[in-house]
Amino acid sequence: MKINKQDALNYHQMGQPGKIEVVPTKMLSSQIDLALAYSPGVAEPCKEIALNKEDAYKYTSKGNLVGVITNGTAVLGLGNIGPEASKPVMEGKGVLFKKFAGIDVFDIEIDCTDPDEFIRIVRSLEPTFGGINLEDIKAPESFKIEVALKEQMKIPVMHDDQHGTAIISSAALLNALELVGKKIQKIKIVMNGAGAAAIACAKLYLALGAKIDNIVMFDKDGIINPERNDLDIYRAQFVTTRKITTLAEAMTGADVFIGLSAGNVLPPEYVKLMAKNPIIFALANPDPEIPYETAMAVRSDLIMATGRSDHPNQVNNVLGFPYIFRGALDVRATEINEAMKLAAVRALSELAKEPVPEIINKAYADKAIAFGRDYLIPKPLDPRLITTVSPAVAKAAMDSGVAKHPIHDWVKYDQELQERIGINQKLMTRIINQAKTNPKRIVFAEADHYKILKAAQIVLDQKIAQPILLGNQKRIEALITENALDLEGAIIIDPSKEAKKREKFARVFYEKRKRKGITLFDARKLVKGRTYFGALMVETNEADALISGLTKDYSQTILPALQIIGVEENVNRVAGMYIIQNKKEPYFLADTTVNINPTAEEMVDIIGLTARAVRFFDVEPRMAILSYSNFGSNRGDVPNKTILATKLAKERYPSLLIDGEMQANTAVNKNLLQEHYPFSDLAEKGANTLIFPDLTSGNIAYKLLQEIGEAETIGPILMGMHKPVHILQLGSSTRDIVNMIAIAVVDAQNHESRSNQKASLPEAIAGKIGSLV
Ligand SMILES: NC(=O)C1=CN([C@@H]2O[C@H](COP(=O)(O)OP(=O)(O)OC[C@H]3O[C@@H](n4cnc5c(N)ncnc54)[C@H](OP(=O)(O)O)[C@@H]3O)[C@@H](O)[C@H]2O)C=CC1
Ligand SMILES: CC(=O)C(=O)O
Ligand SMILES: [Mg+2]
């Protein structure tokens with residue numbers, strides 16, 4: 001994946017600088033809250049903790065808080081760039097801890113290179129944290145620091161670059177060896193790098209059966225052999241007695257190369273020297289010891305992994321640290337010991353051999369990921385990691401006697417883990433990857449706008465879509481130059497210069513609308529408008545989907561689309577849906593954009609369209625029909641209408657989980673449903689799809705969520721059009737536009753794949769033609 005320097009800087013700079021903030025977990029909005037949270041109320045937990053320090057786990061965030069601590073001396077493969085410069089990486093680790101395992105992090109960058117002083121500082125932080133993740137501290141100091149802190153602290157301490165890397169690379173190595181039928185006891189290993197990561201990896205390989213005589217290690221000064229008189233005690237363990245002096249000699253006949261050093265230090269010709277079916281893990285970040293493509297081009301029997309996400313086999317400690325700490329914190333382990341590390345290795349290596357759920361195939365746009373040369377180890381977005389690795393680590397902590405709070409109910413623990421991450425966090429990743437499998441031509445009516453051009457560049461770079469930019473060519477080109485955009489490959493069309501095409505489109509439009517009051521003269525005038533022009537491109541198959549609306553009111557944009565493209569066959573109307581992505585799961589809201597005051601029957605159409613669209617996102621809809629009343633508790637037109645809509649929808653779509661009418665909070669609060677309305681079909685899980693009684697309530701609800709809720713919103717997704725058209729909200733961000741483009745591409749793929757299938761909406765909902773927007 002091409003990452004542009006300026007984009008990376010903008011990403012970190014935009015909005016509130018950095019990637020992380022502290023969010024309160026309790027209400028703090030009244031005098032009472034303040035008195036409880038702070039003086040005088042706060043004194044009570046203080047006094048309890050003073051009597052029993054363990055109560056810090058009960059009354060503070062300690063039990064779920066990890067310190068990601070560094071001095072910035074070995075930041076990725078960038079070297080000793082200092083504590084300030086390491087902060088983006090540490091914030092990044094914090095975000096991954098949170099996203100993948102629900103663990104909160106304070107990142108702490110300490111200006112201190114003296115190991116004893118560093119040890120003293122970190123040790124003094126024990127009251128704050130439930131665990132310490134040491135990060136990017138250079139060897140050999142990192143060894144001394146970790147050993148001392150493990151000894152002196154009663155909370156789990158792990159140097160991630162050592163043990164995270166050792167665990168993940170061991171799991172991948174065991175699986176790679178299994179694939180090529182080699183035994184770890186027999187393989188010849190070249191370790192390039194003799195720092196924190198390399199030494200810990202080599203030690204774990206030895207624990208797994210590798211032979212010290214078969215390992216050769218290199219640092220910047222060359223091979224580690226008896227002639228070296230500059231070796232610390234850690235490197236000295238890996239002095240080779242073999243008669244080798246150069247990397248080329250070591251690579252000759254080697255089975256495995258492990259790179260934990262720096263980028264681009266392994267010449268391709270050395271790869272040729274390796275034994276049959278060689279294994280290369282080039283793990284330096286961000287640039288591996290040899291680029292993936294270069295190594296793979298050298299020989300076809302190579303098994304290759306890197307630390308990056310843009311190639312198969314990402315061997316990166318992100319597969320470990322969130323889940324290892326999760327398991328350790330959950331049993332309040334006093335340390336992370338060898339048994340826990342080996343349990344993580346086994347869990348990871350076994351998970352890679354399990355059949356891969358469809359959700360992961362989709363997240364990686366790969367039709368069928370299966371254990372093999374390109375899939376040695378689970379993918380970082382695999383939601384099974386938390387429910388596999390964390391329990392394995394927790395069990396091992398219990399079995400090895402370091403768990404202060406053993407887990408007894410493993411089924412309940414599994415559920416808790418799932419709830420921590422929410423199974424559908426990766427919704428847009430899945431859609432984007434699905435889009436990449438078959439990019440489509442997307443025409444933009446408002447291409448003379450920076451945000452559209454930037455989004456077009458992103459989708460072009462990421463091969464999500466082929467942009468067609470409508471607008472004044474000179475203005476578009478000026479914007480591209482002004483903003484240093486790279487839009488090579490995008491098609492620019494200036495409708496004002498396309499007289500022939502306009503005439504063709506005017507005639508198509510005229511034929512469609514001549515009995516609806518449109519003259520050819522009107523048509524010629526209207527097709528000068530870019531939304532008309534774009535919609536006609538889609539209608540005449542010159543483009544696959546239209547995106548418009550960034551600078552215009554919704555109704556002005558939808559009109560041309562409805563007049564030209566119209567409503568899908570077998571569907572009575574179009575409707576708009578918004579996705580609200582909260583921390584745990586997405587919620588789907590409809591109709592938020594089109595139907596002003598639908599009748600009960602019209603609501604049933606909207607329910608059908610929405611159910612199908614929700615399934616398009618691989619989510620099973622649990623639909624609540626909303627009102628200001630709960631199951632007949634209030635009278636009025638809206639409750640009457642929504643009660644009828646619920647009844648009719650249940651009749652028309654018997655396979656759908658629908659209930660109503662109910663208030664919005666009832667719908668999304670399963671405890672409330674269980675307590676007061678246990679008879680409801682939604683009582684078990686609550687609703688994830690909310691159908692509004694009218695446009696006023698739908699529109700107000702999503703706009704409020706968008707502006708003052710903390711959730712990310714995706715949409716509006718226009719449902720029920722004959723061909724894909726999506727209309728942006730006025731002022732959408734570049735990110736909103738990219739999301740919308742990906743949705744439009746997948747929508748176009750689905751339209752294409754069902755063009756020969758004629759099925760009614762109820763049949764589609766019954767699952768006969770799959771999930772389609
Ligand atoms: N994929 C993953 O999950 C992970 C990858 N890494 C990567 O591993 C690398 C090392 O990290 P870490 O061990 O923490 O850092 P350290 O600073 O502890 O170690 C770096 C080691 O690499 C050696 N080295 C540097 N350049 C060369 C070279 N050209 N040839 C041979 N050896 C070289 C250094 O030698 P000397 O001692 O002589 O200076 C040192 O032994 C980084 O690139 C990092 O990104 C680390 C952790 C996880
Ligand atoms: C991944 C990681 O921790 C590193 O490269 O340092
Ligand atoms: Mg690191």
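Here, each number is a calculation from the coordinates, and none is a lab measurement. Fair warning: this is a prediction, and the values are worked out from it, not measured in the lab. A quick note on method: Cβ atoms are made from the backbone with ideal geometry, for glycine too, and the neighbour counts reach across all protein chains shown.
Data table
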quantity	calculated
Protection-proxy order for peptides 119-131, 671-683, each taking the mean of Cβ atoms within 10 Å per residue, highest first	119-131, 671-683
Approximate spin-label separation R524-D221, in nm, with each point projected 7 Å along Cα-to-Cβ	8.5 nm
Cα-based Rg of the chain normalised by 2.2 N^0.38 Å, two decimals	1.07
Rough spin-label spacing in nm, given labels placed 7 Å along Cα→Cβ, for N483 and A43	5.8 nm
Beta bridge orientation in segment 180-314: antiparallel %, DSSP, nearest 5	10 percent
Long-range tail of P(r) for segment 430-564 (Cα pairs > 21 Å, %)	42 percent
When segment 508-564 is reduced to its Cα atoms, the Kirkwood hydrodynamic radius in Å	11.6 Å
Residues in segment 376-393 that a label on A207 would reach, taking backbone N under 16 Å of a point 7 Å out along Cα→Cβ	392-393
Proximal aspartates and glutamates to K723, defined as alpha-carbon separation beneath 16 angstrom and excluding residues fewer than eight positions away on the same chain	E539, E542, D544, E568, E569, D747, E752
Cα centroid separation, segment 255-290 to segment 329-354 (Å)	27 Å
Whole-Å distance, taken between Cα centres, linking segment 649-663 and segment 679-739	19 Å
Separation in nanometres of the label points that stand 7 Å from Cα toward Cβ, at R635 and K353	6.9 nm
Full-stretch length increase - N4, T437 - with 0.36 nm per residue and alpha-carbon distance subtracted	153.6 nm
Of all DSSP beta bridges in the chain, antiparallel share, percent nearest 5	25 percent
More than 19 Å apart - percent of Cα-Cα pairs taken over segment 320-421	43 percent
Computed E for E416/E178 - FRET, C-beta separation, R0 30 angstrom, nearest 0.05	0.35
Förster radius 35 Å - calculated FRET efficiency between K497 and S309, Cβ distance, rounded to 0.05	0.25
Mean residue ellipticity (222 nm) of the chain, computed from DSSP H runs ≥ 4 via -39,500 (n - 2.57), nearest 500	-13000 deg cm²/dmol
Computed FRET value (nearest 0.05) for S124 with T60, which takes r as the C-beta separation and R₀ as 25 Å	0.90
Spatial separation of Cα centroids for segment 543-570 and segment 53-70, in angstrom	53 Å
Considering only segment 36-155, percent of DSSP beta bridges that pair antiparallel, nearest 5	10 percent
